[in-house]
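S.K.: Starting off with a structure, shown below.
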Amino acid sequence: MVQELLTPREMARADQLAVASGVPSLTLMENAGQAIAFEVVSHLPLQPVLVLCGPGNNGGDGFVAARLLEERGWPVRVALLGEKADLKGDAALVARRWTGPIEQARPEICMDFGVIVDGLFGAGLSRDVDGLAAEIVRAANNSAAEIVAIDVPSGVDGATGQIRGVAMEAAFTVTFFRCKPGHLLQPGAALCGKVLLADIGIPDAVIDEIEPLAFENERLLWTLPRRRVDDHKFSSGHCLVISGDALHTGAARLSALGAARIGAGLVTLGGARDALLVHAAHLTAIMLAECDRPDDLRPLLDRRKINAIVIGPAAGVSEDTRQLVLEALASEASIVLDADAISTFAQEPDALFAAIKARKNPNVVLTPHHGEFSRLFGEIAGCKLDRAQAAAKRSGAVVLYKGADTVIARPDGYVAINGSGSPNLATAGSGDVLAGMIGGLMAQGMNAFDGACAAAYIHGLAGRRYGKPGLIADDLPGILPDILFELSI
């Protein structure tokens, strides 16, 4: 099942729709507490537990978890931020069902526990954590306890992944019905630990009424091209990668290998003759073609029946690169614009966006990292998800906003957040391979959004598959066949 991501506001709507359909809100809270207790018992050995409860429903979930853990024989203490008399609704009801003492939450109480269940604040945090609450969070983080967060670690904004003042550092997080963007967006994602998703009785049908725009990028979101028994190299597409000059050939070569390994039937490197001589010393399966000036591009596309183009890796920030991009956009091929192809339009972004929007073929992907994004789009308010959505709408292209929390956005607002990444990928040339992979998938017929999503996901898996420090970009193309085989099973 494709995994939608719900903002805290959308999650509140899901709760309301579930109650309207006949599921009591108290049942939802009891089920949430049961899920927390189950995951604690399943993942951790029996040991003293402190349950920190806040003044809202997150604290109510904590009271239920405390009661159920105690029933299972765990030594449990409960500490409340605030007064029991101030609790309202279901939280007040479940607090009364807890028969043990309720202590005042304070920093020093966090010592000498093996587990701390964090029920202070939920995903919809409306202000920064400060004062006594911040001191408690810091004390919990400084303790030796494993922290189990309810919904999100307290202090993490569930919509944006931003830290509101200070935040818990969880070993794992138990969330409900659907994950939130903040589980995948940095820096909050790094504080969630392993995210465990629990069914608490909200009907899946409520998603149809909410109509979320955000999704977790995973293999059910897109379908990879499959070779038929009668396929041949021409039916699997032809991807052209534009090279830099003779002293800057490596990046384009990495892109070309990424396109070939992801399954494009033919891959050609185009560039000046001196650059092609360098490529010729390194490559066998990749073809070479002279493309020294922008005027050379259109005849090359027609002659070789090229249906996808990658421009940018070490292409140079120059007028020639600018004209090559505009010439490519005037063609019917699918386009990936990376690195220098993005930066070369920093002073005139609207010229690029107009050329993209004028195309008959809508399949254009921009792949900026943060610096390139800022150069092209300027400073856009909001979290990374908001910025990617705004950039896609403005440009008319699919925007793959790279990073540990890569976001892929369509111009209509539909967006995916990639969670497959690995810190191993933080190495020069990794993004060049990714650009080639996107081009190779679009050459095989995938649309821009699906191709970008699939490439980002597989690229992340490749970083994980290497599994140790020392990965360089040259390693990535060779890892792709095994991953593609596993995804096809």
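S.K.: Which label marks the calculated value of Rg/Rh (Cα atoms, Kirkwood Rh), given the options [x] 0.99; [y] 0.97; [z] 1.06?
M.R.: Among [x] 0.99; [y] 0.97; [z] 1.06, the one calculated here is [z].
S.K.: Cβ under 10 Å from VAL51's Cβ, VAL51 left aside: what net charge do those residues give with Lys, Arg +1 and Asp, Glu -1?
M.R.: For residues surrounding VAL51, the net value is -1.
S.K.: Given Cβ point charges of +1 (Lys, Arg) and -1 (Asp, Glu) and nothing else, what value in debye, to the nearest 20, does the dipole of the chain about its Cα centre take?
M.R.: Taking the Cα centre of the chain as origin, the dipole is about 640 debye.
S.K.: Under 11 Å from the Cβ of GLY431, count the other residues' Cβ atoms, weight Lys and Arg +1, Asp and Glu -1, and hand me the total.
M.R.: Cβ neighbours under 11 Å give a net charge of -2.
S.K.: Considering only ALA264, GLN389, LEU26, whose Cα is most displaced toward the positive end of the charge dipole of the chain, charges sitting on Cβ of Lys, Arg (+1) and Asp, Glu (-1)?
M.R.: ALA264
S.K.: Continuing with this model, one more query. Would you please give the residues with an amide H less than 5 Å from that of GLY161, counting only those at least 5 places away or on a separate chain, with H modeled from the backbone geometry?
M.R.: Amide H to amide H, under 5 Å and 5 or more residues apart or across chains, GLY161 pairs with GLY182.
S.K.: With both partners inside the chain, how many of the DSSP beta bridges are antiparallel, as a percent to the nearest 5?
M.R.: 15 percent
S.K.: Can you give the translational diffusion coefficient of the range 4-211 in µm²/s, computed by Stokes-Einstein from the Kirkwood radius over Cα pairs at 25 °C and 0.890 mPa s?
M.R.: 148 µm²/s
S.K.: Please name whichever of GLN104, GLY188, GLY436 sits farthest to the positive end of the charge dipole of the chain, dipole taken about the Cα centre and charges placed at Cβ: Lys and Arg +1, Asp and Glu -1.
M.R.: GLY436
S.K.: Once phi is turned into ³J(HN,Hα) by the Karplus curve 6.51 cos²θ - 1.76 cosθ + 1.60 with θ = phi - 60°, what whole-Hz value does each residue of the range 414-431 show in order, with x for glycine and proline?
M.R.: Values, residue by residue: 5, 9, 10, 10, 8, x, 8, x, 9, x, 4, 7, 7, 8, 4, x, 4, x Hz.
S.K.: Follow-up question, since we're still on this one. For the range 84-140, give the magnitude of the charge dipole about the Cα centre (Cβ charges: +1 Lys/Arg, -1 Asp/Glu; no others), in debye to the nearest 20.
M.R.: 280 debye
S.K.: In the calculated pair distance distribution of the range 291-334, what percentage of Cα-Cα distances lie above 12 Å?
M.R.: 58 percent
S.K.: Another question about this same structure. Dipole of the range 231-488, Cα-centred, from +1 at each Lys and Arg C-beta and -1 at each Asp and Glu C-beta, to the nearest 20 debye?
M.R.: 480 debye
S.K.: If you take the Cα atoms of the range 212-309, find Rg, then find the Kirkwood Rh from the mean of 1/r over all pairs, what is Rg/Rh?
M.R.: 1.06
S.K.: Using mean Cβ contacts within 10 Å as the protection proxy, how do 273-286, 359-372 order, highest first?
M.R.: The peptides rank, most packed first, as 359-372, 273-286.
S.K.: Compute the Rg to Rh ratio over the range 231-488 from the alpha carbon atoms, using the Kirkwood formula for Rh, and round to two decimal places.
M.R.: That ratio is 0.93, to two decimals.
Rule-based calculations on the coordinates, nothing more; no lab input. Note that the coordinates shown come from a computational prediction; the quantities given were computed from them, not determined experimentally. Positions of Cβ are backbone-derived with ideal geometry, glycine not excepted, and every protein chain shown enters the neighbour counts.
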